Amino acid sequence: MDRTMVDLWVGIFVAIGIAALMVLALKVGNASTTFNVGETYHVSGDFDNIGGLKVRAPVKSAGVVVGRVDQITFDNERFRARVVMNIDKRYQFPKDTSASILTSGLLGEQYIGLEAGGDSENIKAGGSLKLTQSAVVLEKLIGQFLYNKAAEGDSKK
């Protein structure tokens with residue numbers, strides 16, 4: 001094999017490697033996950049802690065993407081994070097639906113999980129979810145564990 005043929009094959013493998021890195025970057029950046037950009041309605045929820053939740057994060061119910069996070073703001077009066085979600089009009093949820101911030105995958109992508117309640121009336125556009133569960137913060141869990149262990153040690157003395 002002459003030098004130009006070896007250079008050609010090296011170039012092909014480098015191009016394939018760069019393409020694979022781009023696909024991986026798009027997957028990690030959540031750009032490859034498509035969501036129907038049809039008719040949507042807004043629903044909001046207030047959370048004590050949103051962790052690493054970001055705008056355009058998926059909103060899922062039963063593992064199916066039903067919407068996207070549209071906006072994240074801070075409520076100065078109640079000192080909570082307000083998350084506005086765009087939900088596809090094809091999916092209607094009861095008024096007593098609960099929202100939780102969950103983590104998926106090895107890279108820790110955060111998303112909002114909706115669990116439908118049993119109310120016969122559906123939530124209206126612009127409505128608010130009353131039942132919310134904040135993100136689990138690993139540092140808080142470790143701190144609480146260490147505090148409990150220290151308290152156990154003090155009670156044994």
In degrees, nearest 10, the alpha-carbon axis of helix 3-28 is tilted away from the dominant principal axis of the alpha carbons of the chain by 10
Mean accessible area per residue over the chain (1.4 angstrom probe, all protein chains present, square angstrom) is 69
Note on the range 75-157: alpha-carbon gyration tensor, axes a ≥ b ≥ c; rule is a/c under 1.5 for rounded, else prolate if a/b larger than b/c, else oblate; result prolate
Total charge of the residues flanking residue 58 in space, meaning their Cβ is under 11 Å from its Cβ, with Lys and Arg +1 and Asp and Glu -1, is +3
So, with points 7 Å from each Cα along the Cβ direction, the residue 49-residue 18 label distance in nm works out to 4.3
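Rounded if a/c is under 1.5, else prolate if a/b is larger than b/c, else oblate: which is the chain, with a ≥ b ≥ c the root eigenvalues of its Cα gyration tensor? Present the calculation step by step, with values, prior to reporting the outcome.
On the way: a/c = 3.10, a/b = 1.38, b/c = 2.25.
Oblate.
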Distance in nm between residue 5 and residue 79 label points, each 7 Å along Cα→Cβ, equals 7.3
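Could you work out the longest stretch of the chain that avoids the GluC sites (Glu not before Pro) located in DSSP loops with at most 11 other Cβ atoms within 10 Å?
On the way: sites that count: 39, 77, 121.
Result, exposed sites excluded: 78-120.
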On the formula 1/(1 + (r/R0)^6), with r taken between the Cβ atoms of residue 148 and residue 102 and R0 of 22 Å, the FRET efficiency rounded to 0.05 is 0.35
With the 8 Å Cα cutoff and a minimum separation of six or more residues, the chain has a relative contact order in percent of 23
Nearest 10, in degrees from 0 to 90: the angle of helix 138-156 to the longest Cα principal axis of the chain is 50
By the Cα gyration tensor axes a ≥ b ≥ c (a/c under 1.5 gives rounded; else a/b larger than b/c gives prolate, otherwise oblate), the shape of the range 41-116 is oblate
Filtered hits (aspartates and glutamates, Cα-Cα < 12 Å from residue 95, offset >= 8 within chain) -> 115, 119, 121
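The values are calculated or read from the model by the stated rules, or taken from the named source; none is laboratory data. Everything numeric here is computed off the predicted structure, so don't read it as measured data. All Cβ positions, glycine included, derive from the backbone under ideal geometry; neighbour counts span all protein chains shown. We work out accessible area using only protein heavy atoms, side chains counted, and drop any ligands, DNA or RNA first. Shrake-Rupley method; radii C 1.70, N 1.55, O 1.52, S 1.80 Å.
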